[in-house]
Amino acid sequence: MEPIEIKLKSHAQVAIARVQDLALESLLALDSKIILHGGTAIWRCYKGKRFSYDIDIYVSKSQREKIYKELTLELSKRNLSMNYNAMTENVISVFNNEAKVKLEMMIKAGIKSITKEYERADGSFMFVNTLTADALINEKIKAYESRRYERDLYDIYHLVSTQEISKKTRNALISFINKMQPPIDKDSLSSIVYEGAVPNYNNLVDGIKRKLSISGSHKKRNGHKI
């Protein structure tokens, strides 16, 4: 199997993927219990085929304080640097001379996680804590409803196509599909989907419906097909 870095569409994406790996290694060296979520979790832990730019993690307050105090040293061991976002204490930029990655920390207690293999850019693996497919789908439903980015819909399609989901999540998806509005960034996947033909909005909706065994064509809502 070819490593991720062979499949990506540009050197810039390869450089970002490598910085992500080193940044996550640094975080895990500080605390192995941090929880990876979001698009990068789907990409690296669930064999996604969509490049993702950022690292999103759930942490406790004490974990965040430790990251603030000790991450610089761990990053320096891997020839990386960091700086803080002046606007929010939850965002850190991690970088080297080739790429920069945004690390976003969200403080959230009581998150249930599972341990899965994370595929590095070079094809090797490490174990990380992440969310279940059901939890990631529900995150992506909320993300799409708040910002309507096509990549969130793609991530939902990928998880529904490759993972077993609960009846509760299936029902949430049916409700979501029936009231969903089109994305504000239609046809934006061509630069980030790196394997297979690039689907459009209707492909994704039809694909999700097939996986959920929902029959019938898209209904019209506000002049748009959904």
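We did not get these values from a lab; they are worked out from the coordinates using the rules stated. Since the model is a prediction, treat every value here as computed from it, not as a measurement. Cβ sites come from the backbone with ideal geometry, for glycine too, and all protein chains shown count toward neighbours.
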Given the candidates Asn138, Met82, Leu173, the one whose Cα lies deepest towards the positive end of the charge dipole of the chain, counting +1 at each Lys or Arg C-beta and -1 at each Asp or Glu C-beta, is Leu173
Which percent of Cα pairs goes in each bin when the distances of segment 134-225 are cut into 5 angstrom slices starting at zero? 2, 13, 27, 28, 20, 9, 1
Is the shape of segment 1-132 rounded, prolate or oblate, going by the alpha carbon gyration tensor and its root eigenvalues a ≥ b ≥ c, with a/c under 1.5 for rounded and a/b larger than b/c for prolate? oblate
Taking a ≥ b ≥ c as the square roots of the eigenvalues of the Cα gyration tensor of segment 43-120, is the shape rounded (a/c under 1.5), prolate (a/b larger than b/c) or oblate? oblate
Suppose the chain between Asn83 and Lys61 were pulled fully straight at 0.36 nm per residue; how much longer would it get relative to their current alpha carbon spacing? 6.0 nm
Could you give the nm distance between label points at Asn171 and Thr115, where each point is 7 Å from its Cα heading toward the beta carbon? 3.3
Nearest 0.05, what FRET efficiency do Lys47 and Lys142 give at R0 = 25 Å with Cβ-Cβ as r? 0.65
So the angle from the long Cα axis of helix 201-212 to the longest Cα principal axis of the chain, reported in degrees to the nearest 10, equals 80
Below 14 angstrom from the Cβ of Gly110, what's the summed charge of the other residues (Lys, Arg +1; Asp, Glu -1)? +4
Model label zone, Val198; criterion: amide N under 17 Å from point 7 Å along Cα-to-beta-carbon; scope segment 28-69: 49-53
Taking the 0 to 90 degree range and rounding to the nearest ten, how far is the long axis of helix 167-179 tilted relative to the main principal axis of the chain, both from C-alpha atoms? 70
Fewest-first ordering of Ile16, Ile214 by Cβ atoms within 10 Å yields Ile214, Ile16
Between Thr72 and Lys100, what is the spin-label point distance in nm, taking each point 7 Å from the Cα along the Cα→C-beta axis? 1.8
Given 4 °C and 1.567 mPa s, compute D for the chain with the Stokes-Einstein relation, Rh being the Kirkwood radius over Cα pairs; round to the nearest whole µm²/s. 70
